[in-house]
2 protein chains.
Amino acid sequence: LLDDNIEEFREQYFTLHEYDQAQFYEKVGPDIRQKIYHFLSPQEMALIFEALEIEDDEYEAYLNEMETSYAADMLSFMNTDDAVDVLNELDEDQRDSFLEMMDSETVEEFNELLAYEEYTAGSIMTTEYVSILENSTVRSAMAVLRKEAPNAETIYYVFVVDDEHRLTGVLSLRDLIVSNEDTIIKDIMKERVVCAKVTDDQEDVAQLIKDYNFLALPVVSENNELVGIITVDDIIDVIDEEATDDYSKLAGISDVDDTDVNPFKAAKNRLPWLIMLLFLGTLTATLMSRFEATLDQVALLALFIPLISGTSGNSGTQALAVAVRGIATGEVDGKNKLKLLIREICTGLITGIVCGIVVVAIIYFWQHSLIIGLLVGAAICCSIVVATIAGSFIPLLIHKLGVDPAVASGPFITTLNDITSILIYLGLATNFISQIR
Amino acid sequence: LLDDNIEEFREQYFTLHEYDQAQFYEKVGPDIRQKIYHFLSPQEMALIFEALEIEDDEYEAYLNEMETSYAADMLSFMNTDDAVDVLNELDEDQRDSFLEMMDSETVEEFNELLAYEEYTAGSIMTTEYVSILENSTVRSAMAVLRKEAPNAETIYYVFVVDDEHRLTGVLSLRDLIVSNEDTIIKDIMKERVVCAKVTDDQEDVAQLIKDYNFLALPVVSENNELVGIITVDDIIDVIDEEATDDYSKLAGISDVDDTDVNPFKAAKNRLPWLIMLLFLGTLTATLMSRFEATLDQVALLALFIPLISGTSGNSGTQALAVAVRGIATGEVDGKNKLKLLIREICTGLITGIVCGIVVVAIIYFWQHSLIIGLLVGAAICCSIVVATIAGSFIPLLIHKLGVDPAVASGPFITTLNDITSILIYLGLATNFISQIR
C-alpha cells in the first residue's frame with residue numbers, strides 16, 4: 001500500500017473515519033509516519049492528531065518526528081482545545097518554538113487558553129463556537145452556520161450575544177430549521193442559558209452537561225462575556241478521567257490505566273503507596289507490642305486478628321466508597337453531610353451487631369468456646385461501628401478542608417481501621433484475660 | 001405560586017429547562033404533584049418524566065399518583081427508550097394495564113423494545129430517529145427533518161436506508177446544510193457506517209461512541225435493517241453506571257450510589273459482602289490454628305500479622321484494579337493477556353524485593369532483631385509476588401470464563417491474599433523457629 005503511491009494511499013486513507021486513521025497512524029512505525037507527513041497537508045494531519053489516543057508524554061516524540069514548521073502549522077489547524085492539550089504537555093522551550101512560527105492571532109488565542117488552570121472549565125473549552133447577534137434573522141444565522149461549519153467544533157448550538165459579546169441566549173439548530181427565515185433571533189432564543197464560568201471545576205461542568213443532556217455548554221468570563229464552549233465529547237473524557245481517578249485512589253495506586261509493558265513504571269506507580277502503608281503497618285505492630293503479654297498468655301487470640309482487621313477494613317472501605325461517590329456526584333453537600341453521618345452511624349450499628357452475632361455463632365460451633373466467641377464478636381461489632389464512622393467522617397472532613405476526598409484512599413482508611421480494630425480487640429482481651437484462660 | 005392559578009404557573013414553569021422542571025417535580029409533595037397533573041397535558045408531563053433522576057423503584061409510586069389513562073398517555077408520548085426503562089421497572093400486571101390503554105402501534109413498538117435483554121444495545125436504543133431513502137434529495141431530507149424535529153431524539157444525524165430499510169449510509173445535518181438542495185443523498189452520504197448490533201453489549205457501544213466522538217450511533221438487526229439509535233446522553237449514563245459498578249465491586253458493596261437516609265437499606269447493601277468475608281476470615285483462622293504451637297512459642301510473631309496481610313492485600317488490590325480497568329476499557333484482550341501477566345509477575349518481583357528490604361531495615365532499627373526482620377521481609381516479599389499474580393490472574397481467568405471480571409471484588413481478593421500471606425509467614429516462621437527463639 002505504501003509504496004509511494006500518493007494518490008492511492010490518500011484515496012484509501014480518506015475513506016476511513018478519523019478515529020481509524022489515527023489508530024493506523026499510531027500503529028505504524030516512525031518511517032511510515034514520515035511518509036504520511038509527506039502525503040498529507042498539515043490541515044489533514046490536524047484531524048488525525050485530534051483523534052489520537054496516546055499517553056500525554058508521547059506527544060513530544062510524535063511532534064519531533066515532524067519538521068517544526070509542519071508541526072506548527074498542524075497545531076494551528078487543530079481545534080484550540082486539543083491543540084492546547086498538546087502544547088501543555090511540551091516543555092516551555094519547545095512550546096515557544098512552535099508558537100513563534102504561528103500567526104499572531106492564533107498565538108494570542110493559545111496563550112489565553114494556556115493561562116487557565118488545569119481542571120477548570122477554561123482549560124478544556126474550545127474557542128471554535130458559532131455566535132450571532134441578538135437582532136439578526138434566522139436567515140443570516142443559517143448563513144453564518146454554513147460559513148463556520150468546516151471550523152466550528154459544533155454547529156448544533158448557536159450562542160446569541162449582545163454588542164459587547166455578553167451571552168444573552170442560546171438556540172439549537174433544531175430551533176433554527178423549524179423557524180421562519182425572517183424571524184428575529186431574539187424572539188425565538190432561550191434566554192435562560194445554563195453556562196459555566198471559566199474558573200469552574202471541570203467536574204461541575206460535567207455534571208451540568210450530564211443533568212441537562214446538552215451537546216455543548218457555553219463558558220463565560222467574570223463579566224458574562226462568551227469566551228468558549230465545552231462539547232459533550234470532551235465531557236465524556238472528563239467523566240472517564242474522574243471515575244478512573246476515584247477508582248485508582250480506592251485501590252491505592254497512582255494511575256490504574258497502566259497496562260503498558262514496563263514493569264519498572266508499574267512498580268514506580270505502586271511503591272509509594274505500599275511503602276507508606278508499610279510504615280503505618282509498623283505503627284500497628286508497635287501499638288500491638290503493648291499487648292505482647294496478653295498474646296503470650298493466650299496464643300489462640302492471634303488467630304482472630306486477620307478476621308477482625310479484615311472485617312473492619314472492609315466495612316470502612318464500604319463507608320468510604322459511599323461517601324466519596326456521594327461527594328463526587330454532588331448528592332452529598334453541606335446540608336445533608338450531617339444526615340449522611342447519622343445514617344452511617346446507624347448503618348455501622350446494624351452491620352456491627354449482625355456481624356457480631358454471626359461471629360459468636362461461628363466460633364461457638366467451631367471452637368466450642370462461648371467466651372472467645374463473645375470476645376471476638378464484641379470486638380468485631382465495635383470495630384465495624386468505628387470503621388464505618390471513620391470511613392464516612394474522614395472523606396467528609398477532607399472535603400470540608402477543600403481537598404479532593406478521594407485522597408482518603410482505600411488502603412489508607414483500611415490501615416487506620418486495622419490499628420483501631422486490633423487495639424479494641426486486644427484491649428478487650430486484656431481486660432477479660434482472667435475469664436479467657 | 002400554586003394557588004390554583006393555572007396560567008401563571010404554566011408560564012413560569014415553562015421558562016425553566018426540563019431538568020429544572022423535573023427537579024421541582026421531584027421535590028414537591030404528592031398533593032402538589034396532583035395539581036401539576038391537572039395543569040399539564042400528558043405530552044408536557046412526558047418531557048418532565050424523561051428528565052427525572054429518581055431511583056428505579058420509585059417510578060411505580062409516581063405512576064400510581066396519576067390516573068391510569070393519564071399515565072398511559074404520558075408513557076406513549078415519552079421517548080421510547082425512556083418509556084421502556086420505566087415500563088421495565090413495573091410488575092407485569094401494572095405494565096399490561098398501561099399497555100392496554102395505548103394504541104396498538106405504540107404497544108407493538110414497546111413490546112419489541114421490552115424483549116431485548118438488559119445491558120444490550122437493543123435495551124437502551126430509541127426508535128425515534130430520522131431515516132431517508134438513498135435516492136432522495138437534500139431538499140426532501142431537510143423537509144423530513146423539519147417534520148420529525150419535534151419527535152426525533154436527534155435530528156443532527158440522518159440515517160440513509162435502501163428500499164428494505166437496510167442501513168446504507170449516514171449524513172450529519174452539518175453535511176446537509178452546506179450542500180446544494182438538489183444533490184442526491186447517495187452522492188454525499190458516508191458509506192462506511194459504524195454501527196452496533198441489537199445484541200451488542202452496552203459497554204461496547206459506549207466505547208464506540210467515545211472513540212469516534214459520535215452524537216448518536218445506529219443500531220441494526222441481524223440482517224442489517226436499521227432498528228434504532230443510541231444517543232450520546234444515554235451513553236454518558238451507561239459510562240457512569242459501569243464506572244459506579246466497578247467502583248462498588250472494588251469496595252465490596254452492592255451499590256455505592258446509596259446516600260438515602262435509610263440505614264437498614266444501607267446495611268442490607270453491605271451485609272452480604274461482610275458476612276461472606278467473615279466466613280472466609282474464619283477459614284483464615286482455621287488455617288492459622290495449625291500454627292498455634294509456633295505462635296505459642298514466639299508471641300512476637302503475631303505483631304507482624306497485620307503488617308504482612310495488609311501489604312499483601314494492598315498489592316493484590318492494585319494488581320486487581322489495573323487488570324479490571326484494562327479489561328473494561330478493552331486495552332487488555334486475548335493477545336496481550338499473557339503480556340500483562342508477565343508484566344505483573346515482574347512488577348510483583350520488583351515491588352516485593354523493594355518492600356522486603358524496607359521492612360528488614362525498619363525492623364532492624366526498631367527491634368534490633370535481624371533474624372525477625374529477615375523473616376518478615378522474606379514473607380512480605382513472597383506475599384507481594386503471590387498477591388500481585390493472584391490480583392491480575394484471577395480477573396483475567398474470570399473474564400476468560402465469560403463473567404464480568406469486576407466480580408473478583410477488592411475484599412474477596414484481599415481476603416484470599418490474607419490467607420496465603422499468613423500461611424507463607426507462619427510457614428517460614430515454623431521452619432526457622434529454632435533460629436528465632
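For A:Ile345, the label point sits 7 Å beyond Cα toward Cβ; its separations from the matching points on the remaining copies run 5.3 nm, from shortest to longest.
Across the range B:131-239, the mean sequence separation of Cα contacts (distance under 8 Å, 6 or more residues apart), normalised by length, yields a relative contact order of 25 percent. Evaluated with a Cβ-only charge set (Lys, Arg +1; Asp, Glu -1), the range B:131-239 carries a dipole of roughly 440 debye about its Cα centre, given to the nearest 20. Let me know the shape class of the range A:263-436, please: from the alpha-carbon gyration tensor, a ≥ b ≥ c as square roots of the eigenvalues, rounded when a/c is under 1.5, otherwise prolate if a/b is greater than b/c, or oblate. Oblate. Principal-axis analysis of the Cα atoms of chain B puts helix B:232-251 at an angle of about 20° to the longest axis.
For the peptide B:236-244, the mean number of other protein chain Cβ atoms found within 10 angstrom of a residue's Cβ is 4. Cross-link check: pairs A:Lys35/B:Lys339; A:Lys265/B:Lys337; A:Lys335/B:Lys27; B:Lys339/B:Lys400 evaluated at a Cα-Cα cut-off of 20 Å; pairs beyond the cut-off: A:Lys35/B:Lys339. Note on B:137-146: average number of Cβ atoms from other chains within 10 Å of each residue's Cβ is 1. Computed about its Cα centre, the charge dipole of the protein assembly as shown is approximately 6140 debye, with only Lys, Arg, Asp and Glu carrying charge at their Cβ. Our compactness index for the range A:348-437, the C-alpha radius of gyration over the empirical 2.2 N^0.38 Å, is 1.29. Evaluated with a Cβ-only charge set (Lys, Arg +1; Asp, Glu -1), the range A:134-192 carries a dipole of roughly 200 debye about its Cα centre, given to the nearest 20. Dipole orientation for chain A: of the candidates A:Val332, A:Val219, A:Val386, A:Val386 has the Cα lying most toward the positive pole (charges on Cβ; Lys, Arg +1; Asp, Glu -1). Multiplying each eigenvalue of the alpha-carbon gyration tensor of the range A:6-115 by 5 and taking the square root yields semi-axes of 24, 14, 13 Å, largest first, rounded to whole angstroms. The mean of 1/r over all distinct Cα pairs in the protein assembly as shown, once inverted, gives the Kirkwood hydrodynamic radius of 30.3 Å.
Legend: Rg and Dmax of the range A:131-239, from Cα coordinates, 13.7, 41 Å.
Taking other C-beta atoms within 10 Å as the exposure proxy, A:Arg325, A:Arg290 rank A:Arg290, A:Arg325 from fewest upward. The trypsin sites (Lys or Arg not before Pro) of the range A:154-245 that meet both conditions, a loop assignment by DSSP and at most 13 other Cβ atoms within 10 Å of the site Cβ, are A:Arg192. For the Cα atoms of chain B, what angle does the longest principal axis make with the long axis of helix B:334-367, in degrees from 0 to 90, nearest 10? Relative to chain B, helix B:334-367 is tipped by roughly 40 degrees. The residue list B:Leu401, B:Ala299, B:Leu287 was ranked by how far each Cα lies along the charge dipole of the range B:263-436 toward its positive end, using unit charges on Cβ atoms, and B:Leu401 comes out on top. Applied to the range A:79-91, the Karplus parametrisation 6.51 cos²θ - 1.76 cosθ + 1.60 on θ = phi - 60° returns per-residue 3J(HN,Hα) values of 4, 4, 5, 5, 4, 5, 4, 5, 4, 5, 8, 8, 7 Hz, with x for Gly and Pro. Annotation: amide H of B:Gly228 within the under-5 Å range of B:Val219, sequence separation 5 or more or interchain, hydrogens built in the peptide plane.
Rounded, prolate or oblate: pick one for the range A:125-190, where a ≥ b ≥ c are the square roots of the eigenvalues of its C-alpha gyration tensor, a/c under 1.5 means rounded, and failing that, prolate if a/b is larger than b/c, else oblate. Judged from the Cα gyration tensor, the range A:125-190 comes out oblate (a/c at least 1.5, b/c at or above a/b). Pairs of Cα atoms nearer than 8 Å and 6+ residues apart set the relative contact order; for chain B it is 11 percent. Overall size of chain B from C-alpha positions, given as principal axis extents largest first: 91, 58, 36 Å. Placing unit charges on each Cβ (+1 for Lys and Arg, -1 for Asp and Glu) gives chain A a dipole about its Cα centre, and among A:Ser254, A:Ile185, A:Ala141 the Cα reaching farthest toward its positive end belongs to A:Ser254.
Figure legend: label point modelled 7 angstrom from the Cα of B:Lys265 along Cα→Cβ; residues of the range B:72-112 with amide N under 17 Å from it are B:89-90.
Annotation: lysines with alpha-carbon distance below 21 angstrom to A:Lys197 (same-chain offsets under eight excluded): A:Lys210.
Helical runs (DSSP H, four residues minimum) scored at -39500 (n - 2.57) apiece and divided by the length of chain B put the mean residue ellipticity at 222 nm at -21000 deg cm²/dmol. A point 7 Å from Cα along Cα→Cβ stands in for A:Val28, and the other copies hold the same point at 6.3 nm, listed in rising order. What separates the Cα centres of the range B:155-170 and the range B:177-250 is a distance of 13 Å. For chain A, the longest principal axis of the Cα atoms and the long axis of helix A:370-400 meet at an angle of about 30 degrees. In chain A the longest region clear of GluC sites (Glu not before Pro) that are loop-assigned by DSSP and have at most 13 other C-beta atoms within 10 Å covers A:223-437. Based on Cα contacts under 8 Å between residues 6+ apart, the range B:263-436 shows a relative contact order of 35 percent.
Label point of B:Asn64 (7 Å along Cα→beta-carbon): distances to the other copies' equivalent points are 6.8 nm, sorted ascending.
Once each part is reduced to its C-alpha centroid, what is the distance from the range A:328-349 to the range A:366-397 in angstrom? Here the answer is 20 Å between Cα centres. In terms of its C-alpha gyration tensor, the range B:167-326 has a prolate overall shape, because the principal axis ratio a/c (a ≥ b ≥ c, square roots of the eigenvalues) is not below 1.5 and a/b outweighs b/c. Relative to the current alpha-carbon distance between B:Leu90 and B:Glu58, full extension at 0.36 nm per residue lengthens the span by 10.5 nm.
Each value in this text was obtained by applying a stated rule to the coordinates, not by laboratory testing. Values in this document were obtained by computation on a predicted structure and should not be read as measured data. When we count neighbours, we look across all protein chains shown, and the Cβ atoms used for this are built from the backbone with ideal geometry, even at glycine.
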